Amino acid sequence: MKKIGIVALALAGVAGTTFAAGAVVAQRQQTGAGTKPWMNASLTAEQRAEALLKVMSLEEKAGQVSQQFMFGAFEQFAPAVRGQKVGSLLFVTDPAIINRLQKVAVEDTRLKIPLIFGYDVIHGFRTIFPVPIGNAASWDPDNVERAQSVAASEARAVGIHWAFSPMLDIARDPRWGRIVEGNGEDPFLGSAMARAQVRGFQGAAIGAPGHIISGPKHFAGYAAADGGRDYDSVYISDSQLYNVILPPFAAAVQAGAGNVMSAYMDLNDIPAVGNKWLLTTVLREQMGFKGWVVSDANGTKNQVIQNFAKDDADAAVKSVSAGNDMEMSFGPAASAETLAASVRAGKLSEATLDQSVKRILTGKFKMGLFEHPYVDEVAAKTILSAPEHRQVAQLAAERALVLLKNDGNTLPLTAGAQKKIAVIGATSNSKRDMLGPWAFQYDLPETVTVFEGIRDRLGSAVSVETAPGVQLKRAVPSMFDSIVIPGTAKPEPRWDAARTASEFDRAVALAKRSDLVVLTLGEAEDMSGENASRSDLKLPGDQIKLFSALKALGKPVIVVTMSGRPLELGEVLDQSPAILHAWYGGSRGGVAIARALFGDVNPGGKLPITWPRSVGQVPIYYAHNTTHAPKDQSKRYWDIPSTPQFEFGYGLSYTNFTISPPNLDKTALVPGGKVTVSATITNAGRRSGDEVVQLYIHQQAGRASRPVRELKGFQRVTLQPGERRTVTFDLDETSVRYWNAAVKDWVVDPGKFDVWLGNSSNTTNHGTFDVSGAPRTVKGWH
């Protein structure tokens, strides 16, 4: 991966380095290797873990498989560390406190086993990047890898060793709030983003300086909850599980992910955290995963509530027996409190517990924590404030932008053409909303809003003013409103009727005296994320009323939408000449939006999810089966077209591209061979720009009905006006294999395949090739 000015110091430390925190602490030296063979660095991490296991008590082992949230003071948690009741803590980000807790672990306990600290590093740490679905809209894995590399360096700087990320749940129902955290609806795109994020977090190998362990989640099926309702049960066929849900996790495992998080919910009536088939047969035996599995928050204890376990002790046994190695818990973990007794009572074999402990210890050894447990508190400040990181964030925000509509080449705007611009909308000058959900350690003052970005871009020659006009509030408050996290912004109180009326009138008055209106519409950041599902997809609050009032003035209105999911745009789509979708852009989102509006950058992002016309269409996705009535596919409803508003892979540009029909170097794909597909893309317009060339295939006949199209390749290409380039893609047996529900295995069917190359899933550039040989089973993920 090419790094753009990323500060990447050797944060793991060097033996003998000192740290500032009131006290000077030296990193541990490799002493006593003779009497403590696990401190012999010439052994492998696995060998060292085995040596340490031999001298551990049952209680010490039970502590290692236990993790607690740290919401509170050092004094509240030091006793649990000293008493060896935890092997890991999460949600502590102060390097001074991390060092103090680590000092307790390595100096005040019998075996001096260091803690491993985890955190939700979802789309940045101090520098915030676009939300994951926005990063996926870049269709640029290198861009995503850069972003997560920066996030890793910042997190490692403060003492975090492990990210509960990326979220790899394939989501096809935009009502589900956590769709914002993933890569969209497609397993091929999701797999490419999975590999990129694991590489970004972990670097060349686990333990690389300035990097952290990646923990893909939620294994598996979490996004397919009934009705898009977060936490509800999931029922998935084997075919959908293997062909759609699991591939991104397999890609993350192949990329070397050191951890996996199990899901909360029931999967086909078995809680994922206690599902041995899922965590052992599929994840370890079929995918070859070698790291450790952690539950989601309280996932182990939740088995009691789910009527799967009879009590906490039974829940802990069931989780570890299934292959869930570590329990994440609010308060004391059931594992720490009960597993030693369960082993003595014969309810759990010590060998099974040892297996989980070994996996966790191996991760700690790979991270170098036994030699270098402490973090440099002085260096952390330099890493967190690195301006290079903000540059990477701005580039990511620019590459995430998707141009949904641009009638009459309304965009880009000409700087200075209007002397008075009104930037209106609930999110137009909201720093917290620009950051998006799942961001906690941000620098709010440095975050750039849409208003600030436009104002700064145009300078003093143009009057730029702002007004919210409306307020966006959930009917049911966010779960995060009750979690006090130092440094985070507090929710604004709900407006009363008088302020609601006055703010609306103020926005209309501002628009009336302006030459142009830039209107931000969408959702507040807390309307996406965990516990943020919706029953409809309409623009919340009085936003349509505001849009109508502004349009009635006769002024040009440019719309910027900000949300973590597709929304029903209704009359906004019909009446606004230009719509730019910006997701939640992060620390530099406002700069990116302003640069796109005024033509400094050309939007080149593509939708990673199908955009419905109405909530009544969901779940909706491009890779559906042909069915017996394909000609009526657009007429499934009598009241609206059943086609999407915008198809998967859609996105406009300020320039025009042409893509030639696909050229295939062979007519047949033979066993063990490949077919190379190529096409020429030309920038036929007057501006430089990016196009994403997308390759889709379809199996015409075989042992199962297959989707009408499946993405099997993509490339984001930058071209100057008049420039042309040839893009190539290789198709092999992994491109045409699928998991067959009748055969119960991965198969390749001979026969004819369609292939398309174009700029969305609706492309018509078509060719064909044959797959030769006999029907056969093939290797899966190994």
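Residues to consider are R110, R48; find the one that is surrounded by fewer than 21 Cβ atoms within 10 Å (Cβ to Cβ) and closer than 30 Å to G346 by Cβ.
Going through R110, R48 in turn, the sole match is R110.
Could you list all residues from the stretch 685-713 that are within 21 Å of G651 (Cβ to Cβ) and either at pLDDT below 95 or open to solvent by 30 Å² or more (accessible area, probe 1.4 Å) (or both)?
Listed by number, the residues that qualify are R686, R687, S688, V708, R709, E710, K712.
Has the stretch 736-752 got at least one residue that is within 30 Å of W583 (Cα to Cα) and among the small types (G, A, S)?
No, because not a single residue in the stretch 736-752 is within 30 Å of W583 (Cα to Cα) and among the small types (G, A, S).
If you go through the stretch 349-365 one residue at a time, do you hit one that is over 28 Å from the mean Cα position of the chain (by Cα), farther than 30 Å from Q254 by Cβ and either of a type in the set (A, V, I, L, M) or open to solvent by less than 10 Å² (accessible area, probe 1.4 Å) (or both)?
no
Before we move on, is G605 more than 30 Å from A741 (Cβ to Cβ), open to solvent by less than 30 Å² (accessible area, probe 1.4 Å) and touching a strand residue (DSSP E or B) at 6+ places or on another chain (Cβ under 8 Å)?
Considered against the rule, which asks whether it is more than 30 Å from A741 (Cβ to Cβ), open to solvent by less than 30 Å² (accessible area, probe 1.4 Å) and touching a strand residue (DSSP E or B) at 6+ places or on another chain (Cβ under 8 Å), G605 comes out as yes.
Please give the number of the condition G210 fails out of (1) touching a Ser or Thr at 6+ places or on another chain (Cβ under 6 Å); (2) over 21 Å from V375 (Cα atoms); (3) not in a helix (DSSP H, G or I).
Answer for G210: the failing condition is (2).
Count, please, the residues in the stretch 189-207 that happen to be within 13 Å of M367 (Cβ to Cβ) and either free of Cβ contacts under 8 Å to residues at least 40 places away in the same chain or assigned to a loop (DSSP other than H, G, I, E, B) (or both).
Total meeting the criteria: 4.
Cβ contacts < 8 Å: first residue over 14 Å from F370 (Cα atoms), restricted to the stretch 43-62; second residue of a type in the set (G, A, S) and surrounded by 19 or more Cβ atoms within 10 Å (Cβ to Cβ), any location; separation 6+ or different chain. Result?
Cβ pairs passing all conditions: S57/A340; L58/A340; E59/A340; K61/A340; A62/S335; A62/A336; A62/A340.
Which helices (runs of 4 or more DSSP H) does the stretch 293-411 wholly contain that include 3 or more residues that are under 28 Å from V104 (Cα atoms)?
Hits in the stretch 293-411: 299-305, 312-322, 334-344, 350-366, 377-384.
Report the residue count in the stretch 716-727 for those that are open to solvent by 60 Å² or more (accessible area, probe 1.4 Å) and in a strand (DSSP E or B).
4
Could you please tell me which pairs satisfy a Cβ distance under 7 Å, a separation of 6+ or placement on different chains, a first residue in the stretch 704-718 that is touching a residue at least 12 places away in the same chain (Cβ under 8 Å) and farther than 30 Å from N602 by Cα, and a second residue that is buried (at least 20 other Cβ atoms within 10 Å of the Cβ) and polar (S, T, N, Q)?
Cβ pairs passing all conditions: A704/N740; R706/Q699.
For (1) on the phi < 0 side of the Ramachandran plot; (2) acidic (D, E); (3) over 27 Å from the mean Cα position of the chain (by Cα), each residue gets a yes or a no:
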site: S430; (1), (2), (3): yes, no, no
site: V464; (1), (2), (3): yes, no, yes
site: G469; (1), (2), (3): no, no, yes
site: P493; (1), (2), (3): yes, no, yes
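Being in contact with a Ser or Thr (Cβ under 7 Å, 6 or more places away or on another chain) and surrounded by fewer than 18 Cβ atoms within 10 Å (Cβ to Cβ) is the filter here; which residues of the stretch 286-313 pass it?
Correct list: empty.
Just need a number here: residues in the stretch 640-684 that are among the β-branched types (V, I, T), open to solvent by 20 Å² or more (accessible area, probe 1.4 Å) and assigned to a loop (DSSP other than H, G, I, E, B).
4
Among the listed residues E525, E530, which satisfies the condition of being farther than 30 Å from A417 by Cα, surrounded by 15 or more Cβ atoms within 10 Å (Cβ to Cβ) and in contact with a Phe, Trp or Tyr (Cβ under 7 Å, 6 or more places away or on another chain)?
Checking each option against the conditions leaves just E525.
How many of the residues in the stretch 71-85 are within 24 Å of L339 (Cβ to Cβ) and either of a type in the set (D, E, K, R) or open to solvent by less than 10 Å² (accessible area, probe 1.4 Å) (or both)?
4
From the list R344, R359, pick out the single residue that is touching a strand residue (DSSP E or B) at 6+ places or on another chain (Cβ under 8 Å) and in contact (Cβ under 8 Å) with a residue 40 or more places away in the chain.
Selected residue: R359, the only one of R344, R359 that is touching a strand residue (DSSP E or B) at 6+ places or on another chain (Cβ under 8 Å) and in contact (Cβ under 8 Å) with a residue 40 or more places away in the chain.
I454: more than 27 Å from the chain's Cα centre (by Cα), open to solvent by less than 60 Å² (accessible area, probe 1.4 Å), closer than 30 Å to A151 by Cβ and not hydroxyl-bearing (S, T, Y), yes or no?
yes
Count, please, the residues in the stretch 240-283 that happen to be crowded, with 18+ Cβ neighbours inside 10 Å and closer than 22 Å to R195 by Cα.
26
Among (1) modelled with pLDDT of 95 or more; (2) more than 19 Å from A524 (Cα to Cα); (3) open to solvent by 30 Å² or more (accessible area, probe 1.4 Å); (4) not in a helix (DSSP H, G or I), which single condition is P486 missing?
Result: P486 passes all but (1).
The values are calculated or read from the model by the stated rules, or taken from the named source; none is laboratory data. Fair warning: this is a prediction, and the values are worked out from it, not measured in the lab. Don't worry about glycine lacking a Cβ; one is built from the backbone with ideal geometry, like all the others, and counts go over all protein chains shown. Remember, those area values only see protein heavy atoms, side chains included, never the ligands or the DNA or RNA. Shrake-Rupley method; radii C 1.70, N 1.55, O 1.52, S 1.80 Å.
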